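Please read the structure below before turning to the comments.
The values are calculated or read from the model by the stated rules, or taken from the named source; none is laboratory data. Keep in mind that what you see is a predicted model, and the values were worked out from it rather than measured. Note: ideal-geometry Cβ built from the backbone for every residue, glycine included; neighbour counts use all protein chains shown.
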Amino acid sequence: MNDKQFCVLWGEALSYADRDGFISDAALSSIWGDAEDAQISADRLRELGRLWDAANMPVRRIRDHLGLTQAEFAQRYLIPMRTLQRWEKDGTCPDCTRLLLLQVTGLYSR
């Protein structure tokens, strides 16, 4: 998946509440440039599932995966404690920041 495809699909993944619906729609999207009757690879489906999971993973789950307290997580990633608390409480962490946290923690890679 190239950068342009990733950017479009990341945005779409954020707008889908249903993982399977996203995977199905994205796999068949014209973004891939496939012929209409082209076979969809298992790798594409798997990658789309990983992308949806990452796009919809809250900061709290990233922190929990690392086994860190809020204070430890905030200190490690230089995030003000009140900001981290707000992100976890109301889910307002910017998508780009969450993606960077996912990548730096090893929870998502492209």
Open item on the list: Please pick out the residue among TRP52, TRP32 that is under 17 Å from GLY11 (Cβ atoms), under 20 Å from the mean Cα position of the chain (by Cα) and at pLDDT below 95.
Closed with: TRP32
Task: Of all residues making up the range 78-110, the number that are farther than 27 Å from GLU47 by Cα, of a type outside the set (A, V, I, L, M, F, W, C) and not in a helix (DSSP H, G or I) - done: 1
Open item on the list: Take SER24 and tell me if it is assigned to a helix (DSSP H, G or I) and free of Cβ contacts under 8 Å to residues at least 12 places away in the same chain.
Closed with: yes
Open item on the list: I need the full set of residues from the range 55-110 which are under 21 Å from LEU14 (Cα atoms) and aliphatic (A, V, I, L, M), in order please.
Closed with: ALA55, MET57, VAL59, ILE62, LEU84, LEU99, LEU100, LEU101, LEU102, VAL104, LEU107
TODO: Taking the options LEU84, LEU51, name whichever one is surrounded by 18 or more Cβ atoms within 10 Å (Cβ to Cβ) and within 24 Å of ILE31 (Cα to Cα).
DONE: LEU51
- [ ] Those residues that are part of a loop (DSSP other than H, G, I, E, B) and touching a Lys or Arg at 6+ places or on another chain (Cβ under 8 Å), I need them from the range 59-68; list them, please.
- [x] LEU68
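For every residue, the table says whether it meets (1) surrounded by 14 or more Cβ atoms within 10 Å (Cβ to Cβ); (2) modelled with pLDDT under 95; (3) closer than 21 Å to GLN103 by Cα.
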{"position": "ASP20", "(1), (2), (3)": "no, no, no"}
{"position": "ALA27", "(1), (2), (3)": "yes, yes, no"}
{"position": "GLN39", "(1), (2), (3)": "no, yes, no"}
{"position": "ARG44", "(1), (2), (3)": "yes, yes, yes"}
{"position": "PHE73", "(1), (2), (3)": "yes, no, yes"}
{"position": "LEU78", "(1), (2), (3)": "no, no, yes"}
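Out of ARG110, ARG60, ARG98, I need the residue that is surrounded by 18 or more Cβ atoms within 10 Å (Cβ to Cβ) and charged (D, E, K, R). Which one?
It is ARG98.
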